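Peer 1: Just passing along the structure, written as structure tokens.
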There are 2 protein chains.
Amino acid sequence: MPAMTRLSADEVDSLLRARTHWSLQDGKLTRVLEFQDFVAAFGFMAKVALVAERMGHHPEWFNVYDKVRIQLSSHEVSGLSRNDFELAARIDELV
Amino acid sequence: MPAMTRLSADEVDSLLRARTHWSLQDGKLTRVLEFQDFVAAFGFMAKVALVAERMGHHPEWFNVYDKVRIQLSSHEVSGLSRNDFELAARIDELV
């Protein structure tokens, strides 16, 4: 399946089971993280930024001090694609 | 005046006049920026992160691809302080 096909609800459910730290919010793949402090939080964001840029698939995210909220979706397909789960998996590896 | 005193509405109005790219939203000093792409947007965020960490005063911010929304406030005084305007001025220099 191409990375940029829109996933069906069943496919999303199936892939979501493997990503225990993520949930669906506003139709987006969402993970909220808390770090020790801003240095740790932004250091993590810098790592994710490099991975995302290399993938050509970027998160939307919010940060305040030690907290980071990441939301993934694929506007090209108005939903979720395999790219979102791939980026989520890489983010999990970085945490 | 100490940097961490809560500013009065008049003081905020006065300081806000010097920061033409900023407005008050949800009681927070807010600026929305758009860059050429993610590399430019996140590169800017990295610069702001270093300045914020050095000041010991951090933004809350949202990024999606080429857009960055920054909101500044001082939870220690439940409002705005001179630190917020100082950080805003430094951010303006970085843009």
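The values are calculated or read from the model by the stated rules, or taken from the named source; none is laboratory data. Small disclaimer: the values here were computed from a predicted structure and weren't measured. No Cβ is skipped: glycine too gets one built from the backbone with ideal geometry, and neighbour counts run over all protein chains shown. All accessible areas refer to the heavy atoms of the entire protein, side chains included, with ligands and DNA or RNA removed. Shrake-Rupley method; radii C 1.70, N 1.55, O 1.52, S 1.80 Å.
Peer 1: Just to be sure I understand: if you take the accessible area of chain A alone plus chain B alone and subtract the pair, with a 1.4 Å probe, what total do you get in Å², rounded to 100?
Peer 2: Values: alone 5700 and 5710 Å², together 10000 Å².
When A and B are taken together, about 1400 Å² of accessible area is lost.
Peer 1: Taking only C-alpha pairs under 8 Å that are 6+ residues apart, what is the relative contact order of chain A in percent?
Peer 2: 37 percent.
Peer 1: Which parts of region A:56-90, residue by residue, lose 20 Å² or more of accessible area when the rest of the protein chains are there, as against the chain isolated (1.4 Å probe)?
Peer 2: Buried on complex formation: A:58, A:59, A:60, A:61, A:62, A:63, A:64, A:65.
Peer 1: Hey, another quick one. State the extension gain, in nm to one decimal, for the chain segment bounded by residue A:40 and residue A:55, taking 0.36 nm per residue of separation less the distance between their alpha-carbons.
Peer 2: Full-extension gain reported as 3.1 nm.
Peer 1: Quick one: with label points 7 Å out along Cα→Cβ, list the inter-copy distances for residue B:26 in nm, shortest first?
Peer 2: Taking the point 7 Å beyond Cα along Cα→Cβ, the inter-copy spacings are 1.1 nm.
Peer 1: Next up: At residue A:89, with labels set 7 Å past Cα in the Cβ direction, how many nm apart are the copies from this one, shortest first?
Peer 2: In ascending order, 5.0 nm.
Peer 1: Additional query: Enter the accessible area per residue of region A:18-95 (Å², integer; probe 1.4 Å; all protein chains in place).
Peer 2: Normalised by residue count, the accessible surface of region A:18-95 is 48 Å².
Peer 1: Just from its helices, what would the mean residue ellipticity at 222 nm be for the protein assembly as shown, if runs of 4 or more DSSP H residues each count -39500 (n - 2.57) and the sum is divided by every residue, rounded to the nearest 500 deg cm²/dmol?
Peer 2: About -13500 deg cm²/dmol.
Peer 1: Which chain B residue comes nearest the axis with its C-beta when you rotate B onto A, and by how many angstrom?
Peer 2: For the rotation taking chain B to chain A, the closest Cβ gives B:62, 2.
Peer 1: If you don't mind, there's one more thing I want to ask. Could you please state how large a percent of the accessible area of chain A is carbon and sulfur, counting protein chains only and using a 1.4 Å probe?
Peer 2: On the way: 2470 of 4990 Å².
Ligands and nucleic acids excluded, carbon and sulfur reach 49 percent.
Peer 1: Now for a different question. Placing +1 at every Lys and Arg Cβ and -1 at every Asp and Glu Cβ, with all other atoms neutral, what dipole size does chain B have around its Cα centre, in debye to the nearest 20?
Peer 2: 60 debye
Peer 1: Still on this structure: What is the distance, in nm, between label points placed 7 Å from the Cα along the Cα-to-Cβ direction at residue B:92 and at residue A:24?
Peer 2: Reported label-point gap for residue B:92 and residue A:24 is 4.5 nm.
Peer 1: Also, quick follow-up: Along its three principal axes, how long is the protein assembly as shown when you only count alpha carbons? Whole Å, largest extent first please.
Peer 2: 61, 32, 25
Peer 1: Additional query: If you scale each eigenvalue of the Cα gyration tensor by 5 and take the root, what three semi-axes come out for chain A, rounded to whole angstrom and sorted largest first?
Peer 2: Working through the eigenvalues yields semi-axes of 23, 14, 11 Å.
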